[in-house]
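Worksheet for the structure shown next.
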Amino acid sequence: MINKDIEVAKHFKSKFLSDAEQMKDNLGPALCLAKWKQVSLHLPTGLNNSCYHPPLHAIDPVEIQFDPGALHNTAHKKAQRQLMLGGQRPTECQYCWNMEDQHKLSDRHYRSGEPWAAVDFEKIRNSTGLESDIIPSYVEVNFNNVCNLKCSYCSPQFSSSWADEVHRDGAYATSTPHNAPEHFTGARRVIPAREHNPYVEAFWQWWPRLYPELRHFRMTGGEPLLDRNTYRVFDFVLENPKPDLHLNVTSNFSVDEKSWQKYLSYVKRLCQEGNLEHFMQYVSLDAWGAQAEYIRNGLNFDLLWDRVNQFLTEVPSYNSLTFIVTMNNLSVSSLENLFAGILGLRQTYSKTYQRVWFDTPVLREPAWQSLQILPESYAERLEHLWAWMIRQSEQPADPFHGFKDYELARLDRDIAWMRTGQGKDHAAAKADFYRFFSEHDRRRGTDFLATFPEMRSWWAECEYHARQS
């Protein structure tokens, strides 16, 4: 196994990595500034978390009628802040604690080290944790679940196409029925875009107070290119320019042509001098070619790649593009092709600053798509990918074209997380892998073995466990 920490240190150290290392020393054992300065709002379900690691928790629908800032400052979050200030690790943040216990930098360090959070370090360290007037500087929001894709690890909460399928065909017959329609009732019911949504209403009441404090505002989905709230935000920014704003949108880049042209026209107007500091386009893509299309059912890979090039060509300034590569067990086979494609984009479009980025967050649920249930040979494959990346690392004499230190560090972290679970019994998850994707092929007209022929022995192993249970 490669000693990755030594290998990365040989090559370079970015400010992003240095800031995270410095903040690690300042934070102590438990403090995470994201609990104060960052929020992800899931308005179709009235749920909230600080980042994507902790479980979502409910927003009080009564409290937001009197104070829309309670979208962020929930009673649950205040309790977690108090624990952190007291030096205690909240159990909901276990992913970061696991990384830190393996002597890796966690997202707690990276997020807290970024300028939008670090600027308030002293204020947060000296707070009580019970304050109700905290205004975040990094806000991520999805306004509704309208989406044209049915990604394999997604759910009706985030995709109307998924909701339509399971209402028509029912749950997937995994050990616990997956995406059962009856699960998304009562408190878990998704409020359709056509209905009044008190959480969206509270957001727009909060917006005038929130907007002046924002440094990063990110819209996710669903599919934001199909959401009228996206264009309401765009119109507001065009009417109220904010030169220190980072405006971010996550998309599958596979929407219809009319929606695409409308969106691209808006982005061109936004990315003009004086409107904002930077526009970050996030593109969700977990693999290459047909394998990417399999994971994200409904995706047109060639169309997506063409639109990536169109975006980078036709919107030449005040912007960049980041691929969100959600690391799941179907990603491993074609990651090198995807990363090579990203390097090619960097060579073409990154001239005076970095315009092409990527991140590799790990998928933890559903368990049958986790990296941790794969055999050791797949971890070794990622190790070889890492070794290839280090040979393509960014150099001071040739910036913007190679892999960055924190990209290598994050993949290293993913491999470490993968290995922590490989010694456990995953028979049930393997059985569910076979059950889910067999039904996926039947319902959606896909063919797992034709798309992933290199995983034939893995498929047979999962089939064995399914037939034994």
What shape does region 1-158 have by the C-alpha gyration tensor, where a ≥ b ≥ c are the square roots of the eigenvalues, rounded means a/c under 1.5, and otherwise prolate means a/b greater than b/c and oblate the rest? oblate
For region 194-326, what relative contact order do you get, as a whole percent, if you take Cα pairs closer than 8 Å and at least 6 residues apart? 24 percent
Would you compute, from DSSP H runs of 4+ residues alone, the mean residue ellipticity of the chain at 222 nm, taking -39500 (n - 2.57) per run and dividing by the full residue count, rounded to the nearest 500? -13500 deg cm²/dmol
Cα gyration tensor of the chain, axes a ≥ b ≥ c as square roots of the eigenvalues: rounded (a/c below 1.5), prolate (a/b > b/c) or oblate? rounded
Whether region 247-365 is rounded, prolate or oblate, judged on the alpha carbon gyration tensor where a/c under 1.5 counts as rounded: prolate
For region 183-188, just list the computed ³J(HN,Hα) in residue order, Karplus coefficients 6.51, -1.76 and 1.60, θ = phi - 60°, integers in Hz, with x standing in for Gly and Pro. 5, 9, 10, x, 5, 8
Solvent accessible area, Å² - residue 296, 1.4 Å probe, full protein context: 20 Å²
Cysteines without a disulfide-compatible partner [the chain; Cβ-Cβ under 4.7 Å]: 32, 51, 93, 96, 147, 271, 462
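Remind me, relative contact order of region 43-89 in percent, using alpha carbon pairs under 8 angstrom and six or more residues apart?
24 percent
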If you take the charge dipole of the chain about its Cα centre, with +1 on Lys and Arg Cβ and -1 on Asp and Glu Cβ, which of 438, 395, 319 is farthest toward its positive end? 319
With x for Gly and Pro, the residue-by-residue ³J(HN,Hα) of region 361-374, computed from phi through the Karplus equation 6.51 cos²θ - 1.76 cosθ + 1.60 at θ = phi - 60° and given in whole Hz, is x, 8, 8, 10, 9, x, 4, 6, 10, 6, 4, 5, 8, 6
Measuring from its Cα centre, region 250-324 shows a charge dipole (+1 at each Lys and Arg Cβ, -1 at each Asp and Glu Cβ) which, in debye to the nearest 20, is 180 debye
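Stretch residue 380-residue 441 to full length: gain in nm at 0.36 nm per residue minus the Cα-Cα span? Don't skip to the answer; put the middle values down first.
On the way: separation 61, 0.36 × 61 = 21.96 nm, distance 2.85 nm.
Length gained, residue 380 through residue 441: 19.1 nm.
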Could you give the size of the charge dipole of the chain about its Cα centre, using +1 on the Cβ of each K and R and -1 on the Cβ of each D and E, expressed in debye and rounded to the nearest 20? 260 debye
Taking R0 as 25 Å, what FRET efficiency do you get between residue 278 and residue 236 from their Cβ-Cβ distance, rounded to the nearest 0.05? 0.90
If amide hydrogens are placed 1.01 Å from N in the peptide plane, which non-local residues have theirs closer than 5 Å to the one on residue 393? 403
Listed peptides 130-138, 405-413 by packing density, highest first (mean Cβ within 10 Å): 405-413, 130-138
Long-range amide H partners of residue 41 with built H, under 5 Å: 140, 141, 142
For a quick check of understanding: with a 1.4 angstrom probe and all protein chains in place, what accessible area in square angstrom does residue 438 have, to the nearest ten? 40 Å²
For residue 297, enumerate residues with amide H under 5 Å from its amide H, sequence gap 5+ or separate chain, H modeled in the peptide plane. 150, 151, 152
Region 141-159 residues near the modelled residue 167 label - backbone nitrogen below 17 Å, point 7 Å along Cα→Cβ: 144-150, 155-159
Report relative contact order for region 356-419 in percent, whole number only (criteria: Cα-Cα under 8 Å, sequence separation at least 6). 40 percent
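The values are calculated or read from the model by the stated rules, or taken from the named source; none is laboratory data. Keep in mind that what you see is a predicted model, and the values were worked out from it rather than measured. Using ideal geometry, Cβ is built from the backbone for each residue, glycine included, and neighbour counts are taken over all protein chains shown. Heavy atoms of the whole protein, side chains included, go into the accessibility calculation; ligands, DNA and RNA do not. Shrake-Rupley method; radii C 1.70, N 1.55, O 1.52, S 1.80 Å.
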